[in-house]
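For reference, the structure discussed in these notes is given below.
The values are calculated or read from the model by the stated rules, or taken from the named source; none is laboratory data. Note that this is a predicted model, so its numbers are computed, not measured. Positions of Cβ are generated from backbone atoms using ideal geometry, with glycine treated the same way; all protein chains shown enter the neighbour counts. All accessible areas refer to the heavy atoms of the entire protein, side chains included, with ligands and DNA or RNA removed. Shrake-Rupley method; radii C 1.70, N 1.55, O 1.52, S 1.80 Å.
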Amino acid sequence: MIELPDLVTGGLAVGVLSALALGGLLLRAQRQQEGQRTEIARLRAQLVETDRALAAEVEHLAAHRLPAAARQQTHASVAVPGPLRPQTSGTPLGLALEHVLDALRAELAAQRTRIDAAAQAGMRGATREIQAALYRLQDALRGLQQKYDDPELTQTLFQLDHENEQSLRRAQVAAVVCGAWVGLAREESHLVDAVTGGQARLVGYHRVRVHNHLEAGTALVSHAVEPVAIIVAELLDNALRHSAPDTDVVVNLEHVHHGVCVTVDDAGVGMTHDERARAQRLVAGSDPILLTDLGDPPRMGLAAIGQLTRQFDLGVDLSSPSPYGGVRAVLRVDSHLLGHIDPDVRPPAASAPRSTRPASREEPAERPADTAHGYGDDRAEDGTGSAHDDRDSAFEEQPATGSLPRRRRRTRATAAPEEPAVPRPTAQRPEQAAAALGALQAGTAAARSTADGRTADEAATDTETPAEPDHTAPTDHELTDHEGGTAR
């Protein structure tokens, strides 16, 4: 039989063991709780740090990355900075921030296109009204040129007409950049006439030297005449503006395998590689053109070329430097835009450079003294011979294809008496044509005075000496003959 003390001792031992076990468990629980508190504190600190990092990234996005992405839309060289912490790239946070930048770029591009389209529409309407007013002024000036015989007044009218031509060209280029039609419908014309017509629209036209190596009669189809004239005018304008005033701009017209090339070489400052690349992108016309990309003030010449090359299937290349140290611009006109005009039936303008290629057939032995240009080829090469007996019959106003007037040469109803054959005159200088016109006006005034009862000597005494030609403005033949006898 177990005694009571033994039971008490056993119970106490069991109680002590239980207390020890409970104390161990309590101690372990306390240690676990302390570890949990430490982990919670650590996680809390990490959360605070992550929150601060996120706030810093958002602030960096708003203050630096978004403005840089917006500027990059107009200045491709602007670099968009990355996140503050490189380890953010590729994480969900980094991807979310990149999505924000992409959405901003897309929205900015859409808004720029919408705003630019509205600006172009407004400019199209304004330039249309300006062009109409300038065409009316041009017709009025040319009417005065035909009405009055005073040499000084005529010279002033020529200068005003040329200044009006500059404004008309700029308005036309602005309209083309904004997506408008070129504004004129022309008949099929000699290609050399389109080139010299573009030349006559410029202030420094006398510095341009055109070398015609085309086969006689090479022509442009009607819808390509005005675009080619505009492109040539803009290429020559760039060449003249960026080269010294005492240098020439050389133009060569040559046949190539698939058509004709018009090459413009200047001795100017040239372009850097980046400038040439940007110019080539503009003239290629492959990318949409925004007014905000053209600078302030906008430089629209190359942009207008790009619009025309895309619309009329032409090609312009600016990737090569000129052998004269400047820029070489090449306009390519493919065969489907070319035609042929019989140069005997409808010769090119008298002031246009003659072809250096030998004629494929014999030239006629004799030519009428009065051609379709309003004067005969029997004038002296110095341009001082009599051009016509009646200046008012040299031109005829006819309605144009569209709403604008068209200018045509008037031919005689009866055949003129044949005269001895003389060599075809070389390309006239502006001062020669102006001198011929002055002599024509003096002779007309003398004839009218003689008809009033005075002698020819008295009339010649009363006639003023023709004014010295102004080399800064084109002559009337340059403003009309270069255009192939059609309206501007």
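Here are 87, 111, 145: which of them is open to solvent by 70 Å² or more (accessible area, probe 1.4 Å) and part of a helix (DSSP H, G or I)? So the residue among 87, 111, 145 that is open to solvent by 70 Å² or more (accessible area, probe 1.4 Å) and part of a helix (DSSP H, G or I) is 87.
Applying the set (1) out of contact with any Pro (no Cβ under 9 Å at 6 or more places or on another chain); (2) assigned to a strand (DSSP E or B); (3) not β-branched (Val, Ile, Thr) to residue 253 leaves exactly one unmet item: (1). Listed by first and then second residue, the pairs with beta-carbon distance under 6 Å, at least 6 apart or on different chains, first residue in segment 262-273 and of a type in the set (S, T, N, Q), second open to solvent by 20 Å² or more (accessible area, probe 1.4 Å), are 263/252; 263/330.
Checked against (1) within 18 Å of residue 181 (Cβ to Cβ); (2) surrounded by fewer than 19 Cβ atoms within 10 Å (Cβ to Cβ); (3) in contact (Cβ under 8 Å) with a residue 40 or more places away in the chain, residue 119 passes all but a single condition, namely (1). Among residues of segment 279-290 that are closer than 21 Å to residue 328 by Cα, those with a Cβ under 7 angstrom from a residue that is part of a loop (DSSP other than H, G, I, E, B), sequence gap 6+ or separate chain, pair up as 279/271; 281/287.
Let's see how each residue does on (1) of a type outside the set (S, T, N, Q); (2) touching a residue at least 24 places away in the same chain (Cβ under 8 Å); (3) in a helix (DSSP H, G or I):
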position: 32; (1), (2), (3): no, no, yes
position: 35; (1), (2), (3): yes, no, yes
position: 42; (1), (2), (3): yes, no, yes
position: 49; (1), (2), (3): yes, no, yes
position: 56; (1), (2), (3): yes, yes, yes
position: 65; (1), (2), (3): yes, yes, yes
position: 69; (1), (2), (3): yes, yes, yes
position: 81; (1), (2), (3): yes, no, no
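Checked against (1) in contact (Cβ under 8 Å) with a residue 12 or more places away in the chain; (2) open to solvent by 40 Å² or more (accessible area, probe 1.4 Å); (3) not in a strand (DSSP E or B), residue 161 passes all but condition (2). Any residue at all in segment 295-309 that's open to solvent by 70 Å² or more (accessible area, probe 1.4 Å) and under 15 Å from the mean Cα position of the chain (by Cα)? Yes, because at least one residue in segment 295-309 is open to solvent by 70 Å² or more (accessible area, probe 1.4 Å) and under 15 Å from the mean Cα position of the chain (by Cα).
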